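Here the structure is laid out as structure tokens; the discussion comes afterwards.
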Amino acid sequence: MNKEEKIGLHETNKYKDLVFPVGVYTVTKAGIVPDGRGYKDLHWHEELQFTMVLEGTMKMRVNTEEYEIKKGEAIYINRNLLHITTFLTDDGKYASLNFPDKLLGFFSGSRMEQSDVLPFTVNYLFPIVVFKAEMGWQKKILQILKETIRILTSNKQKGQEYLISMNLTYIWHLLISNVRKDVKIPSKSYVRKQQRIQSMLSYIHENYMNDIKLEEIAGLVSISVGECCRCFQQLVGTSPNKYLLNYRIAKSMELLNSTALSVTEIAFAVGFNDFSYFIQYFKKSKEMTPTEYRKQKC
């Protein structure tokens, strides 16, 4: 199975075909195929991503902004940006197409790579683009993207790698041709905040089971507690403490689903020192107790 490694928030895609690193993840509320980062799973990766909504409506948050994407629309997300699907209708379904930017340059060191790929992907010149059918060039991208996803999710055919590569290159050509005049070099502050929040969130994901202090999180990137809280609010939409609590609840749900550990054991395993508070916060977050949640999943 085409699985990926989960190290904190960093998703490292493990492609089924290592000599043609292009993959599609199909996501619904029920899960993701193949295994990977799905609905309401904050993460970042080094690949470029085009996500197309196949059914229903979704909302995707990239950094501080949230974008609504409806059936037939799509969003481009640059490499190394934190993103999360915050909302998906019950009938919702979307496909995320991931691939490395080196695929667009033909070969390392090429003029295309130096002029038309790396300046846009490395420098965050345009972090996201939402595609809607009302604009001619965007409609064309949507058509090609839909066909590329269809090819990748159907039975493998001889020579399809060439067709997929041509499609992705054409999409990229249309994209940079139409946004080039509007791109701006991001500030050093913007890039620094990106790096800080990735480090702080990864620290939480790797140490959530321990007693984490706010001072530890801030000290990790050498900023004050106040600046740490502002950074979280701007880029994640919540406070560091609330994010930690919600992440612990998410991990407890995984254990409730996959282990026979008692609710008490799970509470302490995910970092809650007060069992009563765990029950209280779980019920507040999920509108049911941990035991009710476990029974519902059985």
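Annotation note: GluC sites (Glu not before Pro) in the range 230-298 located in DSSP loop regions with a Cβ neighbour count of at most 16 within 10 Å are Glu287.
About its Cα centre, the chain has a charge dipole of approximately 460 debye under the convention of +1 per Lys or Arg Cβ and -1 per Asp or Glu Cβ, with nothing else charged. Of the residues Asn207, Leu142, Tyr190, the one whose Cα sits farthest towards the positive end of the charge dipole of the range 125-238 is Leu142 (charges of +1 on Lys and Arg Cβ, -1 on Asp and Glu Cβ, taken about the Cα centre). In the chain, the longest principal axis of the Cα atoms and the axis of helix 225-235 are about 50 degrees apart.
For the chain, a Gaussian network of Cα nodes joined below 10 Å ranks Gln114, Gln157, Gln233 by mean-square fluctuation, and the top entry is Gln157.
Note on the range 4-182: dipole from Cβ charges, positive end direction compared against Pro127, Trp172, Leu82; the farthest Cα belongs to Trp172. Relative to the longest principal axis of the Cα atoms of the chain, the long axis of helix 160-179 lies at roughly 90 degrees. With Cα extents along the principal axes in Å defined as stated, name the option among (1) 70, 46, 38; (2) 59, 45, 36; (3) 78, 56, 36 computed from the structure displayed. Step by step, Cα extents along the principal axes in Å for this structure corresponds to label (2).
When shorter helices are ignored and each DSSP H run of at least 4 residues is given -39500 (n - 2.57), the per-residue value for the chain at 222 nm works out to -13500 deg cm²/dmol.
Charging the Cβ of each Asp and Glu at -1 and of each Lys and Arg at +1, and nothing else, the dipole of the range 210-297 about its Cα centre rounds to 360 debye. What is the distance in Å between the Cα centres of the range 216-235 and the range 14-89? Their Cα centres are 27 Å away from one another. Arranged from fewest to most other beta-carbon atoms within 10 Å of their beta carbon, Met200, Met112 become Met112, Met200. This ranking places Met288, Met52 by how few other beta-carbon atoms lie within 10 Å of each, fewest first, which gives Met288, Met52.
Read the figures in this text as sums done on the coordinates, not as results from a lab. The shown structure was predicted, so the numbers you read here are calculated from the model rather than taken from an experiment. Glycine gets a Cβ as well: all are built from the backbone with ideal geometry, and neighbour counts include every protein chain shown.
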